[in-house]
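Notes follow the structure.
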Amino acid sequence: MSDCVPQQKYFQKKETFLFLAILVVKKLKMIFNGNQLANSILQTLRVTSKIKPKLGICLVGDSPASKSYVNRKLKACQEINVDAEVFNFSENVEQDQLIKHIQQMNHDGILVQLPLPLHLNKLDIIHSIPYEKDVDCLHMHNLQRILVYGELCEMLPCTPAAVLQILDYYDVNVIGKKVTVIGRSFLVGLPLSLLLQKRNATVTVCHRETLNLDQHIMNADIVISAAGHPKLVRNVKQGAIVIDVGISQGEKKGRIVGDVDIDVVKNQASLITPVPGGVGPMTVCMLMRNLCNIWKKKQGQPVYINPKLSDAYLND
Ligand code: NAD
C-alpha cells in the first residue's frame, strides 16, 4: 500500500501536467500570433548576397495610416536585408506625373501605397507598373495568371497569400470544406475566393448586397471576413476557423479593430486571428516573399512555391 501512494501521486502529477499542456496548446491554437509566424518566415527570406533586391514605394499624400503601413514595409525590408526607397508625392499630384515617375523607376519591385486620392485612377496607376515588378500582384496580367495557375504563380496577392499561409501553418485542409469569404474586392476577397476554390474548398462569396449574411457565416466551417465593418461577424458555428482581415478604427481613438466580435467569437471558434497582430504582419511578410521571388526569377534561381500543394492542385 505504502508503495502505491507515491506512484499514484506521480500519475496525478503527470495527468495534471498533460491536462495543463493540452490547455496551453489549445490556447496557442486558439488565437493566432501573426507577428511570431511573420518573424520566423522573414528569417528564412534574409538576403545574404552583396547585390540585393530593391523595393520602390510610391506614397501619395500624408495619411497617417498609409505612412504607418509604409513604415512596416520598410522595417520588413530591413529585417530581410533588402534595400527600399520611398517616393513621397503631394495629395494633389497629377496622374500623368505619378505614372511618368513609376515608368522611370528602376527598382526590382514597385508598389503604390493604397488607397489613393479620388482624383487618381487606381487601375491606370497600378497598370503603369511593369507586371514583372508588381510586387503587390495587383496588375491584371498577374491576376489573370492567378486565374489559371493559382498558387503555382511566383507572385501572389499579399493578403490572400497571408490567409492561405495561416491555414497551412495550422495544417488546415480545406478540401470539401465550406468557406464563407466576406468581401469581393480585387485586392482581397476576389483573388482569395479563387485561390480557395483551386484548393478544392466550396466557397461562398458575400458582399454588401448579400441577404442573410449571418446564415452564410453560421453555415461555414471557415469564415474569412474582409469587409472593413466592425462586429460584422458576431456568431460562428462551434469549432469554426475564423480569419479576420478587416481593419477599421475602433471606438477608442487610435485603436484598430477587425470585422469579428472577438470577445464572443473566440469562445466558439477553434482558431481565430486577432486584429491587430493577425493577418496584417503576415501580409507584409508575403510582400517580402514576392519581392524575393521577383529577384530570384531575375537571377535565374528557383523561386518559392508552396511545398504543401498536392499533385492534384490544378486538376480542373
Ligand atoms: P473594399 O472596400 O475594396 O471591399 C470591401 C468588400 O466588403 C466589398 O466587396 C463589400 O461589398 C464588402 N462589404 C462591405 N461591407 C459589408 C457588409 N456589411 N456585409 C457584407 N459585405 C460587406 O476593401 P478591401 O480592400 O477588400 O479591404 C477589406 C478590409 O480588409 C478593409 O478593412 C481593409 O482595411 C482590410 N485589409 C486588411 C489587410 C491586412 O493586411 N490585414 C490588407 C488589405 C485590406
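The values are calculated or read from the model by the stated rules, or taken from the named source; none is laboratory data. All values reported here derive from a predicted model rather than from experimental measurement. Quick reminder, even Gly has a Cβ in these numbers, built from the backbone with ideal geometry, and neighbours come from all protein chains shown. We work out accessible area using only protein heavy atoms, side chains counted, and drop any ligands, DNA or RNA first. Shrake-Rupley method; radii C 1.70, N 1.55, O 1.52, S 1.80 Å.
If you go through the range 267-276 and keep only what is open to solvent by 20 Å² or more (accessible area, probe 1.4 Å), more than 18 Å from residue 214 (Cβ to Cβ) and more than 10 Å from the ligand (Cβ to nearest atom), you end up with 270, 274.
In the range 271-284, the residues that are farther than 24 Å from residue 220 by Cα form Cβ pairs under 8 Å with partners that are open to solvent by 20 Å² or more (accessible area, probe 1.4 Å) and of a type outside the set (S, T, N, Q), at six or more places apart or across chains, as follows: 281/72; 284/72; 284/73. Scanning the range 232-252 for residues that are more than 12 Å from the ligand (Cβ to nearest atom), in a strand (DSSP E or B) and open to solvent by 40 Å² or more (accessible area, probe 1.4 Å) yields a count of 0.
Hey, can you tell me all the residues within the range 214-230 that are part of a loop (DSSP other than H, G, I, E, B) and more than 10 Å from the ligand (Cβ to nearest atom)?
Just the residues of the range 214-230 that are part of a loop (DSSP other than H, G, I, E, B), to begin with: 219-221, 226-230.
Passing the criteria: 219, 220, 221.
Scanning the range 187-209 for residues that are within 18 Å of the chain's Cα centre (by Cα), more than 15 Å from residue 273 (Cβ to Cβ) and within 9 Å of the ligand (Cβ to nearest atom) yields 187, 189, 190, 205.
The rows are residues; the columns are (1) exposed (fewer than 12 other Cβ atoms within 10 Å of the Cβ); (2) modelled with pLDDT of 95 or more.
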| residue | (1), (2) |
| --- | --- |
| 51 | yes, no |
| 61 | no, yes |
| 67 | no, yes |
| 70 | no, yes |
| 75 | no, yes |
| 89 | no, yes |
| 92 | yes, yes |
| 98 | no, yes |
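For the range 77-87, residues that are assigned to a helix (DSSP H, G or I) and either open to solvent by less than 60 Å² (accessible area, probe 1.4 Å) or farther than 29 Å from residue 49 by Cβ (or both) total 2. The condition of being open to solvent by less than 70 Å² (accessible area, probe 1.4 Å), touching a residue at least 60 places away in the same chain (Cβ under 8 Å) and not in a loop (DSSP other than H, G, I, E, B) holds for only one of 111, 120, that being 111.
Here is a check on your reading of the model: is residue 287 within 15 Å of the ligand (Cβ to nearest atom), assigned to a helix (DSSP H, G or I) and surrounded by fewer than 20 Cβ atoms within 10 Å (Cβ to Cβ)? Here the answer is no, as residue 287 does not meet what is asked.
When restricted to residues that are more than 9 Å from the ligand (Cβ to nearest atom) and assigned to a loop (DSSP other than H, G, I, E, B), the range 253-266 contains 5. Mind listing just one residue for me: the one in the range 144-186 that is of a type in the set (Gly, Ala, Ser) and away from the ligand (no atom under 13 Å from the Cβ) and, of those, nearest to the chain's Cα centre (by Cα)? The selected residue is 150.
Got at least one residue in the range 155-163 being buried (at least 19 other Cβ atoms within 10 Å of the Cβ), of a type outside the set (Gly, Ala, Ser) and under 15 Å from residue 259 (Cβ atoms)? I'd like the intermediate steps shown before the answer.
The initial filter retains those residues of the range 155-163 that are buried (at least 19 other Cβ atoms within 10 Å of the Cβ), namely 155-163.
Filter again for of a type outside the set (Gly, Ala, Ser), leaving 155-160, 163.
Subsequent filtering for residues that are under 15 Å from residue 259 (Cβ atoms) retains 159, 163.
The answer is yes; a qualifying residue exists.
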